[in-house]
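What follows is calculated from the coordinates using simple rules that are stated; it is not laboratory data. Remember, it's a predicted structure, so these values are computed and weren't measured experimentally. Every residue, glycine among them, receives a Cβ derived from its backbone with ideal geometry; neighbour counts consider all protein chains shown.
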Amino acid sequence: MKSTTSVTYIAKTSLVALCLLALVGQPAMAQKKAKAVPETENQNPDSGSKQEEAIPEVEDDFYKLISLPIPEGVILEVGGLATLPDGSLAACTRRGEVWIISNPNIAGNATPRYKRFAYGLHEPLGIAYKDGDLYVTQRSEITRLRDADGDGVADMYDKVYSWPLSGNYHEYSYGPLFMPNGNMRVTLNLGWSNSLGHGVSLAPWRGWMLEVTPDGKMTPVAAGMRSPSGFGMNAAGDVFYTENQGDWVGSGRITHVEEGDFVGNAESLRWSGLPGSNINLKPADIPNTGEPLYEVAKRVDALKPPAVWLPHGILGISTTGILNDDTNGKFGPFTNQFFVGDQGQSKVMRVALEKVKGQYQGVVFPFREGFSSGILRLVWGSDGSMFSGMTSRGWSSTGKDLYGLQRLVWTGKTPFEMQTVRAMPDGFEIEFTMPVNKQRASDPAAYKVTGFNYKYQAAYGSPVINSEKCAVRGVVVSDDGMKARIVVDGLREGYIHEITADGVRAANGKPLLHNVGYYTLNQFPDGEKLAIAAPAHDHTAMASASKTAEKPTAANATAAAKKAPAKKPVAASKAKRVTKKPASWPKEADITINVGTKPGLKYDPSQIRVKAGSKVKVVFHNNDDMLHNFVIVMPGTAIEVGELGMKLGLEGQEKDYIPQTDKLLYHTKLLQPGETESIYFEAPEKPGDYTFVCTVPGHFYVMQGTFKVVE
């Protein structure tokens, strides 16, 4: 295939504008994270000066976001990014183009230059450079792009290896990732069935990771993937992939992938009997009990528990690119940690891993939010800055732009953070990026720990289950003030543990930039436990220990529900969710409205018109491939109500992301894909443009419609 068109663009944005952009700092959403410090803490000389406490630090103080200008006419919906030897970037787009971006670091007096290298590809969602050539993963193949005549435009499009397609819109393909042996790995997304309400593997190897040699020979590596959009290697050369919440996936997660692993989604096992398969499981072998995945893995040998869970709605909703920090300190104090992007919430998380008894586990922290669109790809620039390639079409994001390319630059200033968390035989060891105030860090009340888990089930996602507070019994701070070892009762293997350190301060008085991390505890390490006895009056520790002695089961949950006091029924006239026609209504309803969904986080229809005070029945059918609800709120309050729902944190999905506020008028429950619910209510008496909104974290920024009430 010969490319006949070559167009070079020079971005028009001036250097002055770029400099101003760099100084603007973090968007307002990120600035909201700053919390005022109580005045009483300024009186303690060990807590730092009053001036230091008066100016809370924000993410933008340490990591600046700079948007690269994109020429008019270039739709840079980034599907893949690669850094070239000369420092340029290669970006493939969902529109099927490949662009070479020179001077992306905006060095000297030149703006970035864009030159189209290739076109006509089928939604490539990954690109890599190797020995002078670019390799892209299209929907159906790995393609090598070669510039044979040196004019800066690809004139050879060579197939390396291809796989079959069914034509399902959800059959995305990712990669390639070059391995140390020179082979390439790709991952293949499952298809989606609206009628079934779950992922489907309609063509061979969908839901698998494959390894392909340079001469086009393929070997299956692992199965059980749903939407494996990001994967990469750590410093040891081990491969990890990121997964998105969905069927068989309670929340986003990162899993270490080895040959013969089954990583959770049963649909891919349809092809385990094909030649070359290294997995013997069948879909029927996977129990759909709703137990935690870790417990099921004890009975299903090939099932691989995640190394790290990312709590849904708290640390992202659509986990994507994964990037190991091999910048040798150019990006700050996080060498050999992972940075993980999120498409739905337009932000980046930070992950620190450790290996305990041969199994990876670790902690994830918030890192940087406020990106302009949905993050799909992350790569290092030649100067150690981080480039983010973004797109939101069809997968709406909190960042309002349809696409973009941004650069995240370390200012050289070290944030006060929990640098990492390590498991101990009796708790955790927290290491900080700078010395702490020992008096404050030695107080057990400065920390809180909560253990929780998710259901492993065929249904879409999961609420948080088996949540229990864990008593912090004691703390020992190291002599240099860089570490705090906390002794914690009630920790459970296979569980995620939320660790907050809100009471900790640096030696200079500064609070932590991010005071929470989520540690996935797959194994307790061996070693000596600290001799710290629980105080005689500490009933919390004893209660927690007695609870964890009995493993959570469906029977236990049922028994607990029977013991709980019954909730008083809410009168139908005042209830915000009524799913049966009120007995007081003489007929079905004055108006019945059917509402569905459309791709891109949209309702169908997007506008509803009713008479004030009329009796309304809304039939909401979630025909999308993710969870949604239907919520009517007061005019102009959709974002406010959505953010209140997001603040429900670990309880969010269990409570259908419905916060307690008088701004919220009526709502459905949180519906699974393919599920339908009807609600009944009387329209407000006051005319106006009310809003219906999906309050799922990230969705509420864009998934809205107008509920128009007229006289």
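Some observations on this one:
- For the chain, calculated [θ]222 nm from helices alone, where every DSSP H run of n ≥ 4 adds -39500 (n - 2.57): -2000 deg cm²/dmol
- In order through the stretch 388-400: 3J(HN,Hα) via Karplus (6.51 cos²θ - 1.76 cosθ + 1.60), integer Hz, x for Gly, Pro: 10, x, 9, 7, 10, 4, x, 10, 3, 9, 5, x, 7
- Amide proton proximity set for Val308, modelled H, under 5 Å, gap of 5+: Ile254
- Euclidean distance of C-alpha centroids, the stretch 398-461 and the stretch 309-347, integer Å: 11
- Fully extending the segment from Glu588 to Asp149 would add 150.7 nm, taking 0.36 nm per residue of separation and subtracting the current Cα-Cα distance.
- Judged by the gyration tensor of its Cα atoms, with axes a ≥ b ≥ c, the stretch 8-410 is oblate; a/c meets the 1.5 cut and b/c is at least as large as a/b.
- Cβ charges +1 (Lys, Arg) and -1 (Asp, Glu), total dipole of the stretch 612-711, debye: 180
- Amide H within-cut-off set for Gly613, under 5 Å, with H built and near neighbours excluded: Ala683, Glu685
- Spin-label pair Thr83-Val300: with each label point 7 Å from Cα along the Cα-Cβ axis, the two points sit 3.8 nm from one another.
- The Cβ shell under 9 Å around Gly197 holds other residues with a net charge of -3, Lys and Arg each +1, Asp and Glu each -1.
- Kirkwood estimate for the stretch 614-710, i.e. one over the average of 1/r between Cα atoms, Å: 13.4
- Label-point separation in nm, Lys655 to Glu711, each point 7 Å along Cα→Cβ: 4.0
- Size descriptor for the stretch 99-152, Kirkwood hydrodynamic radius: 12.7 Å (Cα pairs only, one decimal).
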